[in-house]
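J.: This is the structure I have questions about; it appears just below.
Where a number appears in this text, it was derived from the coordinates with a stated rule and is not lab data. None of the values given here were measured: they were computed from a predicted structure. Don't worry about glycine lacking a Cβ; one is built from the backbone with ideal geometry, like all the others, and counts go over all protein chains shown.
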Amino acid sequence: LASIFELGISAWFIMKGRHKLMAKRSIIVAAVFGLITSLFLVMTGDGSAYHVTQKQPMKLAAMEGLYEGQESAGLVAVGMLTPGKEYDDDTDPYVFKIEIPKLLSLLGYRDANAFVPGVKDLVEGYEYTNKDGKVFKDISVEEKIKKGKTAIGALADFRNAQEAGDDAAAETYRATLEENFKYFGYGYLNDPKSVIPNVPLTFYSFHIMVALGFLFILIFVMSIFFVYKDSLEKRKWFLWVMLLSIPLAYIASQAGWIVAELGRQPWVIQDVLPTVAAVSQIDASSVQITFWLFAVIFTGLAIAEIKILLRQIKIGPKDLEGGK
């Protein structure tokens, strides 16, 4: 974000014919820094994909619009989801898609032939044996809800038994709790469909974030090349691309947060604490007052910050020192 912002402002100076040397130097610094950090993010993204697959498989399915599990699943590079698609209908989930073969299985399981469960599999349960004889399976959400309610009940009974001094009963309830604790959070849910996040919003946010990330890498490389060739000033179209990329960086950042926060729903702590059970017992009026108070304060700060930034950009670096 900082690198793109610096590139955009430097491009503006060049278009205005001001502080050209400073702007070119700033572009080199910003582009090199941005390129290095972007490539680092691409590498760490591999680890993130593996972690999400292992810990948040429903988020992964939503990110890829994967409703039906697949062996050797490809990673969707570009695609459009079918509006109104439900996880349990027979509608094709995509209007169109272009995917990279086997990449999703490879990223998620370090195995190009691995089975990647889809939304339907994760809701209804599945058992799949691939051609290598490896078994992939999980129980249905309905079963998890039953086990979760058993765990919650066992916890309450365990506490009551402890208070009553009944150690034998307490140990029995402890064993039941430990046996079902893996599904503890599901006990707060009633509808199996509630474990499905907003698939279209998660899907599009993820792909917008990734697409913009690779666009920024291209911009960084081209910026370095054009400055090195001393031809940047002649590339008016590219200067506009750099300038107009500033809001795109903010969009990419927010898209990433949407994927992270919306894709994990309905969980605050995966499989342990759903959002419905994490709600504080606070009056709605108290929340509204706090919300609007912070909204007003931060809106005011944002307006002030933008005004200061625009004023300082217009002044320019040398003008601050009394020069031109």
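J.: Contact order normalised by length for the chain, with contacts defined as Cα pairs under 8 Å and 6 or more residues apart; what percent is it?
T.: The value is 20 percent.
J.: Separate question: Can you give the Rg to Rh ratio for region 245-324, taking only C-alpha atoms and Rh from Kirkwood?
T.: On the way: Rg = 20.4 Å, Rh = 16.9 Å.
Dividing the radius of gyration by the Kirkwood radius yields 1.20.
J.: How far, in nm, would the chain grow between residue 254 and residue 307 when pulled straight, counting 0.36 nm per residue and subtracting the alpha carbon separation? Each step should come with its number before you reach the end.
T.: Working: separation 53, 0.36 × 53 = 19.08 nm, distance 2.20 nm.
Full extension from residue 254 to residue 307 adds 16.9 nm.
J.: Also, quick follow-up: Cut-off 10 angstrom, C-alpha nodes, Gaussian network model of the chain. Which of 117, 274, 247 fluctuates the most?
T.: 247
J.: Percent of alpha carbon pairs in region 170-324 separated by more than 18 Å? List each step's numbers first, then the result.
T.: Numbers: 9318 of 11935 pairs.
Roughly 78 percent, once rounded to a whole number.
J.: About the Cα centre, and with charges only on the beta carbon of Lys, Arg (+1) and Asp, Glu (-1), how big is the dipole of the chain? Nearest 20 debye, please.
T.: About 2520 debye.
J.: Right, next: Excluding residue 264 itself, calculate the net charge of residues whose Cβ lies under 14 Å from the Cβ of residue 264, where each Lys or Arg counts +1 and each Asp or Glu counts -1.
T.: For residues surrounding residue 264, the net value is 0.
J.: Compute, for region 19-167, the length of the dipole vector about the Cα centre, with Cβ point charges of +1 (Lys, Arg) and -1 (Asp, Glu) only. Units Debye, rounded to 20.
T.: In total the dipole reaches around 1200 debye.
J.: What fraction, in whole percent, of alpha-carbon pairs in the chain exceed 26 Å separation?
T.: Percentage above 26 Å: 63.
J.: Residues with amide H under 5 Å of residue 67's amide H, sequence separation 5 or more or different chain, H placed in the peptide plane at 1.01 Å from N; which?
T.: 119
J.: What's the Kirkwood radius of region 183-242 in Å, using all Cα pairs?
T.: 15.3 Å
J.: Compute the distribution of all C-alpha to C-alpha distances in region 142-193, in bins of 5 Å from 0, and list the percent of pairs in each, rounded to whole numbers.
T.: Taking every Cα pair in region 142-193, the percentages come to 5, 27, 27, 17, 13, 8, 3, 1, 0.
J.: Given the Cα-Cα distance of residue 273 and residue 36 and 0.36 nm per residue of separation, how much length would full extension add, in nm?
T.: Contour length minus Cα-Cα distance gives 81.6 nm.
J.: Using only Cα atoms and rounding to the nearest 10 degrees, what angle (0 to 90) does helix 236-263 make with the longest principal axis of the chain?
T.: 10 degrees
J.: Quick one: 3J(HN,Hα) in Hz for region 119-124, Karplus 6.51/-1.76/1.60 with θ = phi - 60°, rounded, Gly and Pro as x.
T.: 4, 4, 4, 6, 7, 8
J.: Same structure, new question: Would you please state which residues of region 248-291 a label at residue 51 would reach in this model, taking the label point 7 Å out along Cα→Cβ and a backbone N cut-off of under 19 Å?
T.: 253-273
J.: Still on this structure, please answer the following. Please report the relative contact order for region 103-156, taking Cα pairs under 8 Å with a sequence separation of at least 6, and give it as a percent rounded to a whole number.
T.: 23 percent.
J.: Amide H of residue 75: which non-local residues (sequence gap of 5 or more, or other chain) have their own amide H closer than 5 Å, using H built in the peptide plane?
T.: 100, 102, 103, 104
J.: Now, a different point. Alpha carbons only, please: Rg and Dmax for region 1-159, in angstrom.
T.: Both quantities, over Cα of region 1-159: 23.0, 76 Å.
J.: If the limit is 20 Å between Cα atoms, which of 102/134; 55/137; 59/193; 85/144; 97/131; 20/236 go over it?
T.: Those over the limit are 85/144; 97/131.
J.: Relative contact order for region 142-193: what is it in percent, counting Cα pairs under 8 Å that are at least 6 residues apart?
T.: 58 percent
J.: Taking θ as phi - 60°, what are the ³J(HN,Hα) couplings along region 70-78 by the Karplus curve (6.51, -1.76, 1.60), each to the nearest whole Hz, with x for Gly and Pro?
T.: 9, 8, 6, 5, x, 9, 6, 8, 9
J.: Compute the acute angle (0 to 90°) between the alpha-carbon long axis of helix 199-228 and the principal axis of greatest extent of the alpha-carbon atoms of the chain; round to the nearest 10°.
T.: 30 degrees
J.: Using alpha carbons only, how many degrees (0 to 90, rounded to 10) separate the axis of helix 167-180 from the longest principal axis of the chain?
T.: Helix 167-180 sits at roughly 50 degrees to that axis.
J.: Additional query: Grab the other residues whose beta carbon is less than 15 angstrom from that of residue 223, score K and R as +1, D and E as -1, and report the net.
T.: With Lys, Arg at +1 and Asp, Glu at -1, the neighbours total +4.
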